[in-house]
Amino acid sequence: MQIDDTDRRILRQLMAEPDVSTPDLAARAGVTTATCWRRLEKLRERGVLKGQQAVLDWRALGFEVEVSLRLTLDKTQPRAFEELIAEARQIPEVIEIQTFLGQVDLRLNLVARDMAHYQQVYRERILGLPHIADIEALMHVSVIKSAEGLPL
């Protein structure tokens, strides 16, 4: 997928302020509003720009605990991945599911209001997930770097 310098300028400005209006985005990128709109549409059609979303600060909503669970699955079961993922998706506190190649098969990132809530979710929902051979919990302490943008 080829993008040019104009597309890069538009995307850089959009990453810096995702809710900017198209006329303001065009001015910041140095193009006309019509050109900016057409470029955005082409980037969407090509799948470069997948859409916009609201990013919520879950701490501001009362969730104080974040835990990363690294799971190793019992791979003797042919549908272990699919069955575990389907059930993990049903847990509202699980905010991210990632799969890996290597010793760890999946990572579930979850949030909880406090440690008591985490323990409840862990005991009642996580330990009931199918096909888990091993589980390791990593308590999230701080974010050192979190960047959604790309080096364009």
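The values are calculated or read from the model by the stated rules, or taken from the named source; none is laboratory data. Keep in mind that this is a model prediction, so the values were computed, not measured. We place every Cβ from the backbone using ideal geometry, glycine too, and count neighbours over all the protein chains shown.
Some points to look at:
Here's the yes/no breakdown for (1) touching a residue at least 40 places away in the same chain (Cβ under 8 Å); (2) out of contact with any helix residue (DSSP H, G or I) (no Cβ under 6 Å at 6 or more places or on another chain); (3) closer than 19 Å to LEU56 by Cβ:
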site	(1), (2), (3)
ARG79	no, yes, no
GLU82	no, yes, no
GLU93	no, no, yes
MET115	yes, yes, no
VAL121	no, yes, yes
ILE132	yes, yes, no
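- The listed residues are ARG28, ARG12, and the only one of them that is basic (Lys, Arg) and touching a residue at least 40 places away in the same chain (Cβ under 8 Å) turns out to be ARG12.
- Consider segment 95-113 and keep the residues that are polar (S, T, N, Q) and without any contact (Cβ under 8 Å) to a residue 40 or more places away in the chain. The one that is farthest from SER142 (Cα to Cα) is GLN103.
- Selection status of THR6, in a helix (DSSP H, G or I), surrounded by 13 or more Cβ atoms within 10 Å (Cβ to Cβ) and of a type in the set (Ser, Thr, Tyr): yes
- Scan of segment 58-68 for residues that are at pLDDT below 95 and either assigned to a strand (DSSP E or B) or basic (Lys, Arg) (or both), ordered by number: ARG59
- Among the residues of segment 134-152, those identified as under 30 Å from ILE10 (Cα atoms) and touching a residue at least 40 places away in the same chain (Cβ under 8 Å) are GLU148, GLY149, LEU150, LEU152.
- Within segment 121-152, the only residue that satisfies the criterion of being of a type outside the set (A, V, I, L, M, F, W, C), surrounded by 10 or more Cβ atoms within 10 Å (Cβ to Cβ) and modelled with pLDDT under 90 is GLY149.
- Each residue in segment 9-20 was checked for being hydrophobic (A, V, I, L, M, F, W, C), surrounded by 12 or more Cβ atoms within 10 Å (Cβ to Cβ) and under 16 Å from LEU150 (Cβ atoms), and 4 pass.
- As a summary of the residue check, LEU101 satisfies the conditions (1) farther than 17 Å from VAL121 by Cβ; (2) among the aliphatic types (A, V, I, L, M); (3) assigned to a helix (DSSP H, G or I) except for the one numbered (3).
- Taking first residues from segment 33-47 that are within 16 Å of ASP4 (Cβ to Cβ) and touching a residue at least 24 places away in the same chain (Cβ under 8 Å) and partners that are among the acidic types (Asp, Glu) and surrounded by 14 or more Cβ atoms within 10 Å (Cβ to Cβ), the Cβ contacts under 7 Å between residues at least 6 apart in sequence or on separate chains come to ARG39/ASP7; LEU43/ASP7.
- Residues that are farther than 29 Å from ALA116 by Cβ and more than 21 Å from the chain's Cα centre (by Cα) were ranked within segment 58-82; the one that is surrounded by the most Cβ atoms within 10 Å (Cβ to Cβ) is ALA80.
- Residue tally, condition loosely packed, with under 15 Cβ neighbours inside 10 Å and either under 18 Å from the mean Cα position of the chain (by Cα) or assigned to a loop (DSSP other than H, G, I, E, B) (or both), over segment 21-57: 14
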